[in-house]
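Visitor: One structure coming up, written as structure tokens, with questions to follow.
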Amino acid sequence: MVLFDEINRIKISIALSVLTIFSIFLIVDYLEHNPAFGSFHENPIITIGLDSEFLTYDDIITGFSIKYPPEWERAQHIDKSVTFLAPRESNSDTNPAGLGIMVIEVESNNTLASITQNQLNKLKNLYPDIQILESMETIFLGHPSHMIIFTATDNTQSMRKAMQIWFKEDNKAFLMTYKSDNQRYSKYLPTIDKMLNSFYTYKK
């Protein structure tokens, strides 16, 4: 089945990243471009060679860096989250895919398990029709993390497919969300792979 193959592809992607990167939330609140699953309106992980023309985004406030395609839009939000949006396709008034990153301060004794439970509860409250296709513990950037793949209807009444990865470092929780519609999810996944492979955190 296509879905089964796609989920396996994500698992293989993360395994490859673990070998390549260092042997290698969470209360998603509101946003007009909700990083959890909001609307992409106007206003993963396979080791792939990063395109040299990719731009670098350094967030000195929350302490992370990521590379992104120069043609993608970048939007920063009042809650200090950032969203990278793929260019609109012809005859469309919305962006077809995007990656959102949110960093939230957490208690140092807050565990990944509690963060995961909070995030899953938040998603279920926000999206009554959510269908979780995959939920598993993994390793990202050397940190124990959790990844889910799910579908849900966003605030434009459109069905979306998303992948979220979250992990904790010191007193910060990092949440990365890739989403698109079902038809374009696989199309943009290689670009998301490259972006996630370039992600790293640093101490202030």
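The values are calculated or read from the model by the stated rules, or taken from the named source; none is laboratory data. All values reported here derive from a predicted model rather than from experimental measurement. Glycine gets a Cβ as well: all are built from the backbone with ideal geometry, and neighbour counts include every protein chain shown. Note: areas computed on protein heavy atoms with side chains; ligands, DNA, RNA excluded. Shrake-Rupley method; radii C 1.70, N 1.55, O 1.52, S 1.80 Å.
Visitor: Taking the range 78-97 only, how many residues are on the phi > 0 side of the Ramachandran plot and at pLDDT 90 or above?
Guide: Count: 0.
Visitor: Of the residues Glu73, Glu89, Glu134, which single one is under 27 Å from Lys187 (Cα atoms) and in contact with a Ser or Thr (Cβ under 9 Å, 6 or more places away or on another chain)?
Guide: On inspection, the qualifying residue turns out to be Glu73.
Visitor: Restricting to the range 58-110, name every residue that is within 18 Å of Phe199 (Cβ to Cβ) and of a type in the set (Val, Ile, Thr).
Guide: Ile60, Ile61, Thr62, Ile66, Val82, Thr83, Ile101, Val103, Ile104, listed by residue number.
Visitor: Another question about this same structure. Among (1) of a type outside the set (Lys, Arg); (2) surrounded by 14 or more Cβ atoms within 10 Å (Cβ to Cβ); (3) not in a helix (DSSP H, G or I), which single condition is Glu137 missing?
Guide: The number of the failed condition is (2).
Visitor: With Ser65, Ser108, Ser158 as the choices, which residue is surrounded by fewer than 17 Cβ atoms within 10 Å (Cβ to Cβ) and closer than 14 Å to Met176 by Cα? Even if it seems obvious, please write down each step before you answer.
Guide: Details: Ser108 fails: closer than 14 Å to Met176 by Cα; Ser158 fails: closer than 14 Å to Met176 by Cα.
On inspection, the qualifying residue turns out to be Ser65.
Visitor: Also: Every residue in the range 177-197 that is over 17 Å from Leu133 (Cβ atoms) and open to solvent by less than 20 Å² (accessible area, probe 1.4 Å), please.
Guide: Once the filter is applied, which keeps residues that are over 17 Å from Leu133 (Cβ atoms) and open to solvent by less than 20 Å² (accessible area, probe 1.4 Å), the range 177-197 yields Asp193, Met195, Leu196.
Visitor: Just checking, does the range 182-190 include any residue being within 12 Å of the chain's Cα centre (by Cα) and part of a helix (DSSP H, G or I)?
Guide: Let us first name the residues in the range 182-190 that are within 12 Å of the chain's Cα centre (by Cα), namely 189.
The next check asks that each one be part of a helix (DSSP H, G or I); those that pass are 189.
Checking the range 182-190: at least one residue is within 12 Å of the chain's Cα centre (by Cα) and part of a helix (DSSP H, G or I).
Visitor: Quick test for you: out of Asn121, Asn125, pick the one residue that is within 18 Å of Ala162 (Cβ to Cβ), modelled with pLDDT of 90 or more, open to solvent by 70 Å² or more (accessible area, probe 1.4 Å) and not in a loop (DSSP other than H, G, I, E, B).
Guide: Asn125
Visitor: Out of (1) of a type outside the set (Asp, Glu); (2) more than 13 Å from the chain's Cα centre (by Cα); (3) surrounded by 19 or more Cβ atoms within 10 Å (Cβ to Cβ), what's the single condition that is false for Phe150?
Guide: (2)
Visitor: Let me ask something else about it. Any residue at all in the range 89-99 that is over 15 Å from Met176 (Cα atoms), over 16 Å from the mean Cα position of the chain (by Cα) and open to solvent by less than 40 Å² (accessible area, probe 1.4 Å)?
Guide: So far as the range 89-99 goes, yes, one or more of its residues are over 15 Å from Met176 (Cα atoms), over 16 Å from the mean Cα position of the chain (by Cα) and open to solvent by less than 40 Å² (accessible area, probe 1.4 Å).
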